[in-house]
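Engineer: Sharing a structure here in structure tokens format.
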Amino acid sequence: MGQAGLFITFEGSEGCGKSTQIRHLSQFLRSLEREVVMLREPGATPIGESIRNLLQYDASASAMTPEAELFLFAASRAQLVREVIRPALARGAVVLCDRFLDSTTVYQGVARALDSGEVSRINDVAVGGTLPDLTLLLDLDAAEGRRRAATRAATTTGPTDRMEQEQESFYEAVREGYLKLAAEQSGRFVVVDASLDEEGVESAIRKVLRERFQIGGEEESHGIH
Ligand code: TMP
């Protein structure tokens, strides 16, 4: 029988370094001959990428209500779970996803202040029981995250991201919301200090994988169970 699949999600506010760390981890896992599937939310399927474009860049989105936003994120996720994530896990792949249902819990449920029970029910419909084995929260001071995101925006071309135009208080609510959620679901979450340099964060993540799943440690030859 092949190896069991593993579903790892990355969460954190803008500028916390998720995508860089996903790249590092995927290279490492591939060096161990694991199949790695790298995904991002919203997006990662043709339907999801259209939804991403609508949510983040479409001119009409400035009039979008929080409820419509909630359903669009959920729609992208519902597609991704069934089209990509479940088949990948069934093959034994490691799925690394940049954001997943916790982003909705925090951004729409906490920062946009939608009803948390309703957000949770919509999340349940979208994921249909497919939950991460591990969620890495890259925790960073909100102001520092904004600084890093602004530096990145200044060095990339393209349209402005609607989701990055909020007030400072929005990102503070996001950070606090994540920390509270991680404390409530401490079995699934690990909080990583994202103020460390890139190598420091990378080695903290590798340590979590060694300890939780015996990946990259002495037991690696026995695979993931
Ligand atoms: P990012 O992946 O480049 O950070 O951009 C995604 C943006 O969308 C980010 O501002 C967070 C936001 N978002 C939500 O508000 N809810 C969600 O469910 C997801 C997946 C993302």
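The numbers here are math on the coordinates, done by the rules we state, and not lab data. Keep in mind that what you see is a predicted model, and the values were worked out from it rather than measured. With ideal geometry, Cβ positions are generated from the backbone for all residues, glycine too; neighbour counts draw on all protein chains shown.
Engineer: What shape does segment 1-51 take by its C-alpha gyration tensor, where a ≥ b ≥ c are the square roots of the eigenvalues and a/c under 1.5 counts as rounded, a/b above b/c as prolate, and the rest as oblate?
Structural biologist: Since a/c reaches 1.5 but b/c is at least a/b, the shape of segment 1-51 is classed as oblate.
Engineer: With 5 Å bins from zero, work out the P(r) of segment 112-151 over every alpha carbon pair and list the percent per bin.
Structural biologist: 5, 17, 13, 15, 18, 18, 12, 2
Engineer: Using Cα-Cα distances under 8 Å and only pairs 6 or more residues apart, what relative contact order does segment 71-225 have, in percent?
Structural biologist: Once normalised by length, the contact order is 23 percent.
Engineer: How much length would be gained if the chain were fully extended between Val125 and Arg91, taking 0.36 nm per residue of separation minus their Cα-Cα distance, in nm to one decimal?
Structural biologist: 9.9 nm
Engineer: Restricting to DSSP H runs of at least four residues, report the calculated mean residue ellipticity at 222 nm for the chain, -39500 (n - 2.57) per run over all residues, nearest 500 deg cm²/dmol.
Structural biologist: -15000 deg cm²/dmol
Engineer: Convert each backbone phi in segment 76-82 into a coupling constant with the Karplus relation 6.51 cos²θ - 1.76 cosθ + 1.60 (shift: θ = phi - 60°), then list the ³J(HN,Hα) values in order as whole Hz, x for Gly and Pro.
Structural biologist: With coefficients 6.51, -1.76 and 1.60, one gets 4, 5, 4, 5, 4, 4, 7 Hz.
Engineer: Sort 99-106, 158-165, 142-149 for me by packing, meaning the mean count of neighbouring Cβ atoms within 10 Å per residue, highest on top.
Structural biologist: Order by mean packing, descending: 99-106, 142-149, 158-165.
Engineer: Further question on the same structure: What per residue convex hull volume, in Å³, comes out for the chain when only alpha-carbon positions are used?
Structural biologist: Convex hull of Cα atoms, per residue: 123 Å³.
Engineer: Mind pulling up the Rg/Rh value for segment 51-153? Radius of gyration and Kirkwood radius, both on Cα.
Structural biologist: 0.99
Engineer: Size of the dipole of segment 64-120 about the Cα centre, Lys and Arg at +1 and Asp and Glu at -1 on the beta carbon, nothing else charged, in debye to 20?
Structural biologist: 320 debye
Engineer: Now for a different question. Positive end of the charge dipole of segment 138-225 (Lys, Arg +1 and Asp, Glu -1 on Cβ, about the Cα centre): tell me which of Phe213, Gly200, Gly158 has its Cα farthest that way.
Structural biologist: Gly158
Engineer: Hey, another quick one. Using alpha-carbon positions, what is the distance between the centroids of segment 68-141 and segment 1-50, in Å?
Structural biologist: Segment 68-141 and segment 1-50 have Cα centres spaced 13 Å from each other.
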